[in-house]
Amino acid sequence: MPILSRAKKKVGNALNSAAMNADARQTDFCVYLSAIWLVGLLLNAAFGWWWADPIAALIMVPIVAKEDFDGLKERHCCE
């Protein structure tokens, strides 16, 4: 995913495409959310911390909520 995001940013800048830059930004968010989720699962699997996965989900809530509110207010990330 990080490699894909960098490639999208490079293409978006070369084409001067706001849509491609926005898609690259969304790919970055996917990377962040996937990393948080993976850490929660690894802590649960490695140490038996059953609460690590729900904590990881709670950490994701502000990130997802910010994106939702920005979408509702039609804020653009790449202007």
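The values are calculated or read from the model by the stated rules, or taken from the named source; none is laboratory data. Being a predicted model, the structure only gives us computed values, none of them experimental. Counting neighbours? That spans all protein chains shown, and the Cβs are built from the backbone with ideal geometry, glycine included. Quick note on the areas: whole protein, heavy atoms, side chains included, nothing else; ligands and nucleic acids left out. Shrake-Rupley method; radii C 1.70, N 1.55, O 1.52, S 1.80 Å.
Per-structure values
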{"item": "Note, ³J(HN,Hα) from phi for the range 24-38, Karplus 6.51, -1.76, 1.60, rounded to Hz, x at Gly and Pro", "result": "5, 5, 5, 5, 4, 4, 4, 5, 4, 5, 5, 5, 4, 4, 5"}
{"item": "Percent of Cα pairs exceeding the 18 Å cut-off, where the set is the chain", "result": "52 percent"}
{"item": "Per-residue [θ]222 nm for the chain (sum of -39500 (n - 2.57) over DSSP H runs n ≥ 4, rounded to 500)", "result": "-28500 deg cm²/dmol"}
{"item": "Within the range 1-76: Cβ-based charge dipole about Cα centre, in debye rounded to nearest 20 (Lys, Arg +1; Asp, Glu -1)", "result": "340 debye"}
{"item": "Net charge of neighbours whose Cβ lies under 14 Å from the Cβ of ALA7, counting Lys and Arg as +1 and Asp and Glu as -1", "result": "+3"}
{"item": "Accessible solvent surface per residue of the chain, calculated while the other protein chains remain in place, 1.4 angstrom probe, Å²", "result": "75 Å²"}
